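Encoded as structure tokens, the structure appears first; notes follow it.
Every read-out reported here was derived from the displayed coordinates using simple, explicitly stated rules and does not represent laboratory data. Given the structure is predicted, the values throughout are model-derived calculations rather than measurements. Methodologically, a virtual Cβ is constructed for each residue, glycine included, from the backbone with ideal geometry; neighbour enumeration extends over all protein chains shown.
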Amino acid sequence: MSAEDLLVPLSLIVTAAFTEWALRSYIYRLKKAGRLSRDYHKREERWVPEPVGPAVVIPFVSALIVLSGITGNPKFLAVAVATSLGAVIGMIDDLINLSALTKPALLLVTPLPLIALGVLTPRPLLPVVGRARLYYVYWLILPIMFSVFANAINMMDALNGLMPGSVITSLMLLLPVMDASSRWMTLLLISSLIPYFLKNKYPADAFGGDTLSLSVGSAIASIAATSNREMFFFIALIPFMVSGFVVIASVKGLRERREMKRPVVVRDGVLYVNEDPEAPMTLIAVLVSHRGKDERRVVKEIIALTALSSLLSLTTYYLMTPR
């Protein structure tokens, strides 16, 4: 057994344990400081500590930095810095509420660490085509991809357990398409998200805030780019992308979530579509448009959709992609 065979499971266990400890400590401190947010999708009034994002991001980033020093692989450090940039932007948004244009604009800088450290190759693997040569266009598309991924994850973070549950499901199914270092980074991200999922699932005891959702989006985009599997990550996250597109189309442009009316209303603990014509349409609203549903059922349906799109991505990789 090689040293790496021992290092991988050890790093995952330590990261998960560190995250669990950090979450408990952070939740206690937020409660003590009165940093609570309303959970609007419940029958009774309920307030939850937010944002606990740093308690999830710090263990993941710390693990990447340590592994960068041990292995000498610059990809670990590059992804750590890019994820940290996403977290900083999310933290600023949690504190001062960035505008709908400022947030995606700031996210355009998140791939800069990957470019600066030279860990990217402008030859993404595409279905049917194989490895494309995008030596000039790639660098223009890359920042947009990072902003789109991060904002899509952020927009999906609306119900208890939805964001971490969908992301964990998608990443687990995408593991076979990745190279060794990308698979390791993905497992570290999953190991840090699992303790959060257990505290964010219904009924949630913690909200990650934009600090977490934007950092997770930046991490996923970074792993996709460093492994040249951008298109397969995009296919796997189609429910996230569709939801984001529907929101933008329904409100006719970019608008901050806090400025919009709620897409669903709650009656007796059941979610119904908001009939107000000014309310945005989202994937959640589409799923409850014909009849009301329990929050937990909606979450399960979206996670199932994410699993299907991830399986589609996996099938596309094996059956339609020259390698």
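Packing-wise, with mean Cβ within 10 Å as the measure, how do 60-68, 211-219, 277-285, 23-31 rank, highest first? Display every interim value, and only then the final one.
Values: 60-68: 21.2, 211-219: 31.3, 277-285: 18.4, 23-31: 16.6.
Most protected by this proxy first, the peptides run 211-219, 60-68, 277-285, 23-31.
Calculate the length of the line joining the C-alpha centroid of the stretch 26-61 to that of the stretch 261-281, in whole Å. Answer, in whole Å: 24. Close amide H pairs (under 5 Å, H built 1.01 Å from N) link LEU126 with ARG131, ALA132, residues at least 5 positions away or on another chain. Across the stretch 83-97, rounded Karplus estimates of 3J(HN,Hα) from the backbone phi angles (6.51 cos²θ - 1.76 cosθ + 1.60, θ = phi - 60°) give 5, 5, 4, x, 5, 4, 4, x, 5, 4, 5, 5, 8, 10, 6 Hz, Gly and Pro being marked x. The H on the amide N of ARG46, modeled in the peptide plane, is under 5 Å from the matching H of ASP39, each at least 5 residues off or on a different chain.
Looking at the square roots a ≥ b ≥ c of the eigenvalues of the Cα gyration tensor of the stretch 1-160, which shape do they give, rounded for a/c under 1.5, prolate if a/b is larger than b/c, or oblate? Show your work: numbers first, answer last.
Details: a/c = 2.21, a/b = 1.30, b/c = 1.70.
It is oblate, given that a/c is not under 1.5 and a/b is not larger than b/c.
Using only the Cα atoms of the stretch 175-242, build the gyration tensor, take square roots of its eigenvalues as a ≥ b ≥ c, and label the shape rounded, prolate or oblate: rounded if a/c is under 1.5, else prolate if a/b is larger than b/c, else oblate.
Note, shape of the stretch 175-242 comes out prolate.
Here the 3J(HN,Hα) profile of the stretch 261-268, calculated from phi with Karplus coefficients 6.51, -1.76 and 1.60 at θ = phi - 60°, is 6, 6, x, 10, 10, 10, 10, 6 Hz, Gly and Pro shown as x. I need the shape label for the stretch 48-143. Rule: rounded when a/c is under 1.5, else prolate if a/b > b/c, else oblate, with a, b, c from the alpha carbon gyration tensor. Taking the square roots of the gyration eigenvalues as a ≥ b ≥ c, the stretch 48-143 is oblate.
Short-range pairs are left out: with C-alpha atoms under 8 Å and at least six residues apart, the relative contact order of the chain is 25 percent. By how many degrees, between 0 and 90 and to the nearest 10, does the Cα long axis of helix 53-71 differ from the longest principal axis of the chain? On a 0 to 90 degree scale, this one is about 0. Computed log10 I(q)/I(0) for the chain at 0.13, 0.15 Å⁻¹: -0.95, -1.27, from the Debye equation with unit scatterers placed on every C-alpha and solvent omitted. Taking the C-alpha atoms only, the angle from helix 137-156 to the longest principal axis of the chain is near 40 degrees. Listed from fewest to most Cβ neighbours within 10 Å, the set ASP39, ASP268, ASP205 follows the order ASP268, ASP205, ASP39. Residue by residue, the stretch 304-321 carries 3J(HN,Hα) couplings of 5, 4, 5, 4, 5, 5, 5, 5, 4, 4, 5, 5, 4, 4, 7, 9, 10, 10 Hz when phi is fed to the Karplus relation 6.51 cos²θ - 1.76 cosθ + 1.60 (θ = phi - 60°); x denotes Gly or Pro.
For PHE240, PHE207, the sequence from fewest to most other C-beta atoms within 10 Å is PHE207, PHE240. Rounded to the nearest 10 degrees, the angle from helix 3-33 to the longest Cα principal axis of the chain is 30 degrees.
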